[in-house]
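The values are calculated or read from the model by the stated rules, or taken from the named source; none is laboratory data. Model, not experiment: these values are computed from the prediction. Reconstructed Cβ throughout: ideal geometry from the backbone, glycine too, with neighbour counts over all protein chains shown. We work out accessible area using only protein heavy atoms, side chains counted, and drop any ligands, DNA or RNA first. Shrake-Rupley method; radii C 1.70, N 1.55, O 1.52, S 1.80 Å.
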Amino acid sequence: MRIEVNKEKCSGCHLCEMVCSLFHLGIINPEKSAIHIDKDDLDTSLHTPVLCRQCKKMKCLNAERLKMTPERKKFIWDRKRAECCPFDALPILGEEAFHCDLCRGNPRCVKVCTPGAIQIFK
Amino acid sequence: MDRNYAFSGQFCYNPGRMVLGRKIALLHLNKDSVEILPIPLDLRNKFLGGRGINMYLLSQSYSPDLDPLSPENPLIFGAGLLTGILGFGSRINITAKSPESGHLGDSNMGGDFGAELVKAGLSHLLIKGRSRKPIYLFIKNRNVEIRDAQKLWGLDTVDTQRIIRQELGDEKIQVACIGSAGENLVRFSAIRTGMKNSAGRTGMGAVMGSKNLKAVAVRGNLDITLSDPKNYLKYYLRTLKKLMNSKWVQALGRYGTPLLFQYANAMGFLSIRNNQLTTIGEQGYALEAEALEPFSTGMLSCFGCPAHCRHRFSIEEGQYKGTKGEGPEYASIGSLGSKLGNFNLQNILSATELCNRYGLDTISTGSYLAWVMELFQRGIIDQKMTEIPLNWGDGKTILKLIHQIAQRKGFGNRLAEGAFAKRIFGEVSKDYLLDIKNFPIEMTDERLPKSFALGMATSTRGACHMRSRPSLDILGLPEKILKKIYGGRVSDQFSAYSGKARMIWWHEIFNALCDALGFCHFLTVFSSPHAPQYNEFSKLIALSTGLAFTPKELKIIGERIYTLERMMLVKDGITRKEDTLPKRYFEEPIPEGPAKGEVISHEEFDGMLNEYYRLHGWDENGIPKRKKLEKLGLIKKE
Ligand code: SF4
Ligand code: SF4
């Protein structure tokens, strides 16, 4: 399973970010979310939701020689590992990075994305 | 805020990150002083936040002698109680005494600014004084810095935001700022954020300009903790699902507010040529929501909004090629379009964008232009004064005048005075400015919908549809449903008087509560009977803040806010005789179209007012009764 992004549809509401932090951490902080919206609100161009693509071969783990499955299930990663992501997909705040764990099988962000910019892809 | 009040109240138990832990920054620009204080729990309990707390703060210094452009006028920013968290909108109110009307000023703004302020750990700013030099504020996670803005002075409202982000090296900064209009103290200038979001009405931009304050920039990433995060999320998702099933919200997400233009034109409550007509029939297709679609490049949301009602547009060819922006809203299409006899959509898009860049309120700009166009039509003013002919529908003239107003050049310098220009245009001119409490009516004509008419007459910020407009009235819902919502009989006829006082009374209170919470009216019962209202609000507040209010108690808070606003007007000497409508509404029946013959009857209108005052607990002159004030805790019991 992964979250498929259709950026043409994103309205830039930030609801997905809020829900992600609320579900995992019990707080609201859009910067502590595994999804983030790349947006220039002083331009008329599109917004782009960015998050982990659930790659089959996780290049981000190359340096660490770890088993992939347990790491996939973790939400908080460290900054260094996130910096190895070839897509810069993980939001970083301080020394922490936020990795999409697919909400342990029941993604919450897609539930609030009313335009359908993010959807579950099985 | 009165410091004693702040320290006498009981503080929130968790000062840090709880929703209730958001603070207020008090600034005095003469002294460069900044003080950050907690907001007493008692104040939250009485007024919640946003417009509610703003009104409490304004009432502390409000007086008839307070000059709106003086340093003593407080400029107050107030994010709603639930702004910045998963709610139904994330809005902020900006409040001060209005230089446009001379009375209460207040304007509500969407976009991302309010939420960012909250993420920075603050919910309110109270700014007094006047800086000697142009400055701007930079607020980051509760740290307030006063910075030089001399280089920004003169920039438009979009460039100002860009340059501040560049200067501070952070693209996520949100900025509320003024353009030339506010700097030049144009009485109807706006405070702006993003491409088009505005605290547009009542001239808050001029108050900011009078303080030499070019912008407020904010950036925050503090955690916000909720009382019961698990259940909040569950409840939010459930409520959201229900809301999104409503046809109205779905349509709003596709067409935005221009959807409403169609209704107004088809039913005959649109302002054409300064309300000389109220429909343009088929000509109106050119300005309807669907006509906008070829220019639309997608839809956009304010922070935390599931409805995404904002258009982005781009004009790719023709005379106005290269114009890009956001909007326009129905109010702007009406005000800069049909109200001026202007049916050229591309010109309207350009005019709206120009107002946004300069930081002018599109509604008031349109209203004053309509006024002088009618004065010109009737020969009350002529080219000697205006320099150019003011002909209905002349797009070039409209753009030219917008430039002149914002820069206070030529005839525009007079127009920049808004309703105060009556002094310049003479006694006869007064009848052609359709205003209420020295504040001009908007893009609509209220002779057909009697509920709308009463709402305009009683609004606490002068002619205004956002204080109460019951759009539900358009839908013609069965009386049974209306009774369930409003708690008494309301006629299902759009043009009837009966029960409409109840409707307005109900919405005034409800809208005040929405604005205190930071919710967007479009996501509430404003337009759909299935949208969230008191019950849902009560649950959302409890699960996020831990404060327990029954729906009935929330209603009392809305009432408290509205009555406090009324009390400020009463201080200005405003009573029943000012709760009225323009002469044209009483004396000139609508000449043609589907609403032909509609006019307001003095007698019926008086009847509505009586009923309205009775429901509010105000006397027959519209002055809140002592008993009511005591009950609301606005004065001490004898
Ligand atoms: S699926 Fe869950 S973890 Fe992944 S981005 Fe969405 S909310 Fe966050
Ligand atoms: S919820 Fe959807 S529309 Fe809103 S910001 Fe996220 S991806 Fe974009």
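The table below gives the values:
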{"read-out": "Hey, B:G412 on the phi > 0 side of the Ramachandran plot, buried (at least 19 other Cβ atoms within 10 Å of the Cβ) and either in contact with a strand residue (DSSP E or B) (Cβ under 9 Å, 6 or more places away or on another chain) or modelled with pLDDT of 95 or more (or both) or not", "value": "no"}
{"read-out": "Spans of strands (runs of 3 or more DSSP E) in segment B:105-197 with at least 3 residues more than 14 Å from every other protein chain (Cβ to nearest Cβ), free of Cβ contacts under 8 Å to residues at least 24 places away in the same chain and surrounded by fewer than 21 Cβ atoms within 10 Å (Cβ to Cβ)", "value": "B:143-148"}
{"read-out": "Residue that is surrounded by the most Cβ atoms within 10 Å (Cβ to Cβ), among those in segment B:582-605 that are in a helix (DSSP H, G or I) and within 27 Å of the chain's Cα centre (by Cα)", "value": "B:Y585"}
{"read-out": "Selection within segment B:266-283 - under 15 Å from B:S335 (Cβ atoms) and open to solvent by less than 10 Å² (accessible area, probe 1.4 Å)", "value": "B:F269, B:L270, B:S271, B:I272, B:N274, B:N275, B:T278"}
{"read-out": "B:Y263 vs. criteria open to solvent by less than 10 Å² (accessible area, probe 1.4 Å) and either within 14 Å of another protein chain (Cβ to nearest Cβ) or assigned to a helix (DSSP H, G or I) (or both)", "value": "no"}
{"read-out": "Which listed residue, of B:K247, B:K242, B:K230, is within 9 Å of chain A (Cβ to nearest Cβ), among the basic types (K, R) and within 26 Å of A:K111 (Cβ to Cβ)", "value": "B:K230"}
{"read-out": "Residue tally, condition surrounded by fewer than 18 Cβ atoms within 10 Å (Cβ to Cβ) and assigned to a loop (DSSP other than H, G, I, E, B), over segment B:548-573", "value": "3"}
{"read-out": "Evaluation of B:F88 against (1) among the aromatic types (F, W, Y); (2) modelled with pLDDT of 95 or more; (3) assigned to a loop (DSSP other than H, G, I, E, B) (one fails), failing number", "value": "(2)"}
{"read-out": "The lone exception for B:V207 - which of (1) open to solvent by 10 Å² or more (accessible area, probe 1.4 Å); (2) within 21 Å of the chain's Cα centre (by Cα); (3) closer than 19 Å to B:N30 by Cα it fails", "value": "(1)"}
{"read-out": "From the options B:L104, B:L20, residue that is at pLDDT 95 or above and aliphatic (A, V, I, L, M)", "value": "B:L104"}
{"read-out": "For B:S498: the one exception among (1) under 24 Å from B:T460 (Cα atoms); (2) open to solvent by 30 Å² or more (accessible area, probe 1.4 Å); (3) in contact with a helix residue (DSSP H, G or I) (Cβ under 8 Å, 6 or more places away or on another chain)", "value": "(3)"}
{"read-out": "Test for B:S350: is it within 17 Å of B:F261 (Cα to Cα) and touching a residue at least 24 places away in the same chain (Cβ under 8 Å)", "value": "no"}
{"read-out": "Cβ pairs under 6 Å, 6+ apart, first in segment A:19-45 and touching a residue at least 12 places away in the same chain (Cβ under 8 Å), second within 12 Å of ligand 2 (Cβ to nearest atom) and of a type in the set (V, I, T)", "value": "A:V19/A:V112; A:C20/A:I35; A:H36/A:V50; A:D38/A:T48; A:D38/A:V50"}
{"read-out": "Given (1) within 9 Å of chain A (Cβ to nearest Cβ); (2) at pLDDT 95 or above; (3) surrounded by fewer than 24 Cβ atoms within 10 Å (Cβ to Cβ), index of the condition B:Y236 fails", "value": "(3)"}
{"read-out": "Helices (runs of 4 or more DSSP H) contained in segment A:1-89 and holding at least 1 residues more than 14 Å from every other protein chain (Cβ to nearest Cβ)", "value": "A:68-72, A:79-82"}
{"read-out": "Hits in segment B:304-326 - residues which are at the interface with chain A (Cβ under 7 Å from one of its Cβ atoms), part of a loop (DSSP other than H, G, I, E, B) and open to solvent by less than 10 Å² (accessible area, probe 1.4 Å)", "value": "B:G304, B:P306"}
{"read-out": "Residue in segment A:6-22 that is away from ligand 2 (no atom under 13 Å from the Cβ) and open to solvent by 40 Å² or more (accessible area, probe 1.4 Å) present", "value": "no"}
{"read-out": "Members of segment A:112-122 that are within 13 Å of ligand 1 (Cβ to nearest atom) and within 12 Å of chain B (Cβ to nearest Cβ)", "value": "A:V112, A:C113, A:A117"}
{"read-out": "Residues being of a type in the set (G, A, S) and either within 13 Å of ligand 1 (Cβ to nearest atom) or touching a Ser or Thr at 6+ places or on another chain (Cβ under 6 Å) (or both) - total across segment A:13-49", "value": "3"}
{"read-out": "Candidate set from segment B:212-227 (those that are more than 9 Å from every other protein chain (Cβ to nearest Cβ) and touching a Ser or Thr at 6+ places or on another chain (Cβ under 8 Å)); member that is modelled with the lowest pLDDT", "value": "B:S227"}
{"read-out": "Of all residues in segment B:45-96 being free of Cβ contacts under 8 Å to residues at least 60 places away in the same chain and crowded, with 21+ Cβ neighbours inside 10 Å, the one that is farthest from B:I224 (Cα to Cα)", "value": "B:P74"}
{"read-out": "Members of segment A:94-111 found to be near ligand 1 (Cβ under 9 Å from one of its atoms) and within 14 Å of chain B (Cβ to nearest Cβ), listed by number", "value": "A:F98, A:C103, A:N106, A:P107, A:R108, A:C109, A:V110, A:K111"}
{"read-out": "Some residue of segment A:84-98 being more than 22 Å from B:K172 (Cβ to Cβ) and either more than 15 Å from ligand 2 (Cβ to nearest atom) or open to solvent by 50 Å² or more (accessible area, probe 1.4 Å) (or both)", "value": "yes"}
{"read-out": "Search result, residues across segment B:268-302 that are within 24 Å of B:C520 (Cβ to Cβ), in contact with a Gly (Cβ under 8 Å, 6 or more places away or on another chain) and modelled with pLDDT of 95 or more", "value": "B:L270"}
{"read-out": "First in segment B:610-625 and of a type in the set (V, I, T), second anywhere and at pLDDT 95 or above, Cβ under 7 Å, 6 or more apart", "value": "B:I623/B:V570; B:I623/B:T575"}
{"read-out": "Residue tally, condition polar (S, T, N, Q) and outside any helix (DSSP H, G or I), over segment B:331-361", "value": "2"}
{"read-out": "Any chance B:I333 is more than 16 Å from ligand 2 (Cβ to nearest atom) and touching a strand residue (DSSP E or B) at 6+ places or on another chain (Cβ under 8 Å)", "value": "no"}
{"read-out": "Qualifying residue in segment A:35-48 (condition: more than 16 Å from ligand 2 (Cβ to nearest atom) and among the basic types (K, R))", "value": "no"}
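Yes/no per residue for (1) in a helix (DSSP H, G or I); (2) touching a His at 6+ places or on another chain (Cβ under 7 Å); (3) in contact (Cβ under 8 Å) with a residue 60 or more places away in the chain:
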| site | (1), (2), (3) |
| --- | --- |
| B:V490 | no, no, no |
| B:S498 | no, no, no |
| B:M503 | yes, no, no |
| B:H507 | yes, no, no |
| B:L513 | yes, no, yes |
| B:F526 | no, no, no |
| B:H530 | no, no, yes |
